[in-house]
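Data first, discussion second: the structure below is written as structure tokens.
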Amino acid sequence: MFGLKNFGLMGATLLLLTATSCRREEDPSAKNNKTYQPTLVDPKDIFPAEFGMPPLPKDNPFTEEGIYLGRMLFYDPILSFDSSISCGSCHQQEFAFAEPRQFSKGIYGLMSHRNAPSLFNTAYSRKFFWDARVNTLRDLIFEPIQAHNEMAMTLPLLNERLKKVERYKDYFNKAFNSEPNLIDMSLALEQFLLSIVSNGSRFNKFFPGDNPQVMNQSELRGAFAFNGLVDFDANGKTKGADCFHCHGGELAQQQNPVMGGIANNGLDLVVTDKGFGAITNRDQDFGTFKTPSLLNIALTAPYMHDGRFNTLEEVIEHYSTGIRYENPSIHPQLAAHGGLQMNLSETQKADLVAYLKSMTDLEFIKNPKYSNPFVK
Ligand code: HEC
Ligand code: HEC
């Protein structure tokens, strides 16, 4: 790792030297040699030890140039047909890369029919989109680019556009030794997306309970409710609200490697959006959705795949009194409540909200590594 970093520095110095010694009109990287050597980034420098190393694509190693190219593309409106919106228009850093509106507005004001999810720690997810229909980020990016109600772009036109932009000629060359092209574009976006990490919340300092001093009393009680089982006493009261089975661990998101944590959390009796069920066409999947991470949850309202809840209080009320146990595809963990609503006390509800609010990572939403490179 040390060696690689040194190499990067050396490369940069060499480049500077050649840049000053050769004639102005010549591109230094092209003059030097055709094969520009991108600076490898050690995944250990991206992913925190406490999260463990995620499974990473072997054919797309992180490089400084690749990540930076992906970041430029993420914030570049030329990826949309009328050059009006970028990925960053709907995935805004200050809201943990979600956005505050219920449905997203694409070009020409067309609306999406699902709520834009937050983006961080995606390297730990095996399935993407609310209905888990895509397995890799490099495949995923072509959907918003082409969706008529998002960026409505055509791929041939995008290919042409990228080739005309000087900074892309330069950066595709630096990152991939290539002319601007769509495959390398998808790899660069994949690198950038995979590199977005959030682990700075107080919850993350607390987890798995090592540093109780970073939490207040209400948050600590919230942690007990969150991680406690639903178990009714003689008065019909439960100590635990059992959130951890689906939103557990330091990522606050179930990481079932096969299904990526997909569940029906009892929102509706009759589902209108079939979710994962529309992909598999199996009854048991109707109304099941990817379980979101609860990190930064206080920043990503409104909530659920259709943004139906505006506040965390409303979400907690759903789990407390509103679960539709009769829905046939309800998750077994919820079915195990025996059809009884939890009827959480006011204190329990407030404690759970307090605990969820401790999951906000304020450094993350200001981290310049993820910000718009076109805005200085
Ligand atoms: C018009 C708003 C809009 C734009 C522009 C947009 N997205 Fe999204 N994004 C959404 C919505 C809405 C969803 C949820 C769609 C669904 O689940 O069916 C989503 C989902 C995603 C997801 C899935 C996250 C997860 O955890 O499952 C990723 C990753 C993503 N977008 C990345 C991007 C990238 C990269 C771009 C630019 C190429 C982009 N988005 C452009 C609105 C947008
Ligand atoms: C059986 C699994 C399961 C359990 C148990 C569960 N959830 Fe969820 N949760 C989900 C799923 C799935 C979604 C997304 C559902 C959708 O959008 O249709 C979700 C969504 C949420 C959201 C909104 C996330 C967002 O980004 O919009 C919050 C907040 C939340 N859950 C909190 C909790 C709390 C607090 C508890 C405990 C009281 C809990 N959950 C228990 C599966 C579960």
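A few points about this structure:
- Among the residues listed as Ala278, Ala298, the single one being over 19 Å from Thr360 (Cα atoms) and aliphatic (A, V, I, L, M): Ala278
- Only one entry of Gly70, Gly106 meets the criterion of being out of contact with any Lys or Arg (no Cβ under 9 Å at 6 or more places or on another chain) and within 7 Å of ligand 1 (Cβ to nearest atom), and that entry is Gly106.
- Only helices (runs of 4 or more DSSP H) whose full extent lies in the stretch 174-231 are considered here, and the ones with at least 3 residues that are touching a Lys or Arg at 6+ places or on another chain (Cβ under 7 Å) are 182-195.
- Listed conditions (1) under 30 Å from Lys105 (Cβ atoms); (2) out of contact with any Pro (no Cβ under 7 Å at 6 or more places or on another chain); (3) touching a residue at least 60 places away in the same chain (Cβ under 8 Å) are all met by Arg202, apart from (1).
- Among (1) closer than 23 Å to Phe103 by Cβ; (2) in contact with a Leu (Cβ under 8 Å, 6 or more places away or on another chain); (3) assigned to a loop (DSSP other than H, G, I, E, B), the one test that His318 misses: (3)
- Criterion (without any contact (Cβ under 8 Å) to a residue 12 or more places away in the chain and closer than 24 Å to Ser371 by Cβ) met by exactly one of Ser83, Ser89: Ser83
- Close pairs (6 angstrom Cβ cut-off, 6 or more residues apart or separate chains): in the same structural domain as Gly338 (by TED's automatic domain parsing) and free of Cβ contacts under 8 Å to residues at least 40 places away in the same chain in the stretch 241-255, more than 9 Å from ligand 2 (Cβ to nearest atom) and not β-branched (Val, Ile, Thr) anywhere: Phe244/Asn227
- Residue ID - farthest from ligand 1 (Cβ to nearest atom), chosen from residues in the stretch 277-294 that are assigned to a loop (DSSP other than H, G, I, E, B) and in contact with a helix residue (DSSP H, G or I) (Cβ under 7 Å, 6 or more places away or on another chain): Phe286
The values are calculated or read from the model by the stated rules, or taken from the named source; none is laboratory data. Predicted model only: the values in this text are computed from it and were never measured. In this analysis, Cβ positions are derived from the backbone assuming ideal geometry, glycine residues included, and neighbour counts consider all displayed protein chains.
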